[in-house]
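Q: This structure is in structure tokens; I'll ask about it shortly.
Each reported figure results from applying straightforward, stated rules to the coordinates on display, with no laboratory input. Remember, it's a predicted structure, so these values are computed and weren't measured experimentally. Counting neighbours? That spans all protein chains shown, and the Cβs are built from the backbone with ideal geometry, glycine included.
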């Protein structure tokens with residue numbers, strides 16, 4: 001199921017999202033590309049509300065962007081990760097963002113937060129000895145490239161990361177056939193992966209999520225659990241063929 005990096009370059013997927021009893025109330029885009037800088041790649045995940053959900057959620061758009069460096073051993077390491085939320089409340093636009101910069105020479109992560117362009121936090125955090133933490137998008141593409149080991153049913157992988165919870169591991173589990181069938185929310189073929197990330201990232205209660213790869217290794221479906229005010233948000237690739 002692992003996919004060579006060059007096969008992932010220039011990927012761009014469009015997703016629809018359902019929540020509560022409504023369908024296609026939001027859309028998302030996931031893209032991965034090379035930059036003009038040698039060995040630097042860019043991943044971006046964008047979600048935006050549509051229709052009545054856009055009105056209820058204040059025309060909300062969430063953008064997650066990662067710059068990552070391809071290292072000599074074939075893995076990506078994070079250079080910079082930014083998260084930005086833009087929405088309109090009571091006729092006024094709000095912009096909330098956070099930024100993590102990774103400095104491996106100084107062995108530290110610089111964290112900044114902004115509210116409507118005003119910096120509200122600036123901190124430096126020393127990276128623990130022996131760790132190379134990555135952001136969630138860098139982790140995702142490393143995972144797909146097989147950096148942490150093969151994606152095989154029943155396997156459990158730990159990925160070091162930095163988030164609002166500090167330096168912790170993202171626990172990733174590849175579900176068995178029985179577990180996948182029991183869940184019932186995804187096709188029985190392909191490969192289903194579960195993970196728990198910092199709840200702050202997607203503004204959830206639990207931080208739990210699932211993503212399903214089809215038989216070609218394309219991330220075609222997913223669920224973000226317990227999104228505050230919305231419950232489980234279910235995403236699926238546009239023009240999906242099962």
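Q: If neighbour count is taken as other Cβ atoms inside 10 Å, put 189, 81 in order from fewest to most.
A: Values: 189 12, 81 25.
Fewest to most other Cβ atoms nearby, the residues stand as 189, 81.
Q: How much of the DSSP bridge set in the range 74-192 is antiparallel, in percent, rounded to the nearest 5?
A: 95
Q: How big is the chain on each of its three principal axes, counting only the C-alpha atoms and giving the largest first in Å?
A: 49, 48, 33
Q: For residue 178 and residue 216, FRET efficiency with R0 = 22 Å and r from the beta-carbon atoms, rounded to 0.05? List each step's numbers first, then the result.
A: Details: r = 23 Å, r/R0 = 1.07.
About 0.40, to the nearest 0.05.
Q: Which percent, nearest 5, of DSSP beta bridges in the chain are antiparallel? Please list the in-between numbers first.
A: Values: 95 of 96 bridges.
Percent antiparallel among DSSP bridges in the chain is about 100.
Q: Quick check: pseudo-label points 7 Å beyond the Cα along Cα→Cβ at residue 23 and residue 158, how many nm apart are they?
A: Result for the modelled spin labels: 4.3 nm.
Q: Ranked from highest to lowest mean number of other Cβ atoms within 10 Å per residue, what is the order of the peptides 102-108, 192-198, 33-39, 143-149?
A: Ranking, from highest mean packing down: 192-198, 143-149, 102-108, 33-39.
Q: Can I ask one more? How far is the Cα center of the range 1-28 from the Cα center of the range 198-242, in Å?
A: Comparing the Cα centres of the range 1-28 and the range 198-242, I get a distance of 9 Å.
Q: Return the single residue from 21, 76, 114 with maximal mean-square fluctuation; model: Gaussian network over the chain, springs between Cα atoms under 10 Å.
A: Looking only at 21, 76, 114, the largest GNM fluctuation is found for 21.
Q: Subtracting the Cα-Cα distance from 0.36 nm times the residue separation, let me have the gained length for residue 169 to residue 14 in nm, one decimal.
A: Details: separation 155, 0.36 × 155 = 55.80 nm, distance 2.86 nm.
Using 0.36 nm per residue and subtracting the Cα-Cα distance, I get 52.9 nm.
Q: Pop a pseudo-label 7 angstrom from the Cα along the beta-carbon direction at both residue 188 and residue 108 and give the gap in nm to one decimal.
A: Spacing of the two 7 Å Cα→Cβ label points: 5.6 nm.
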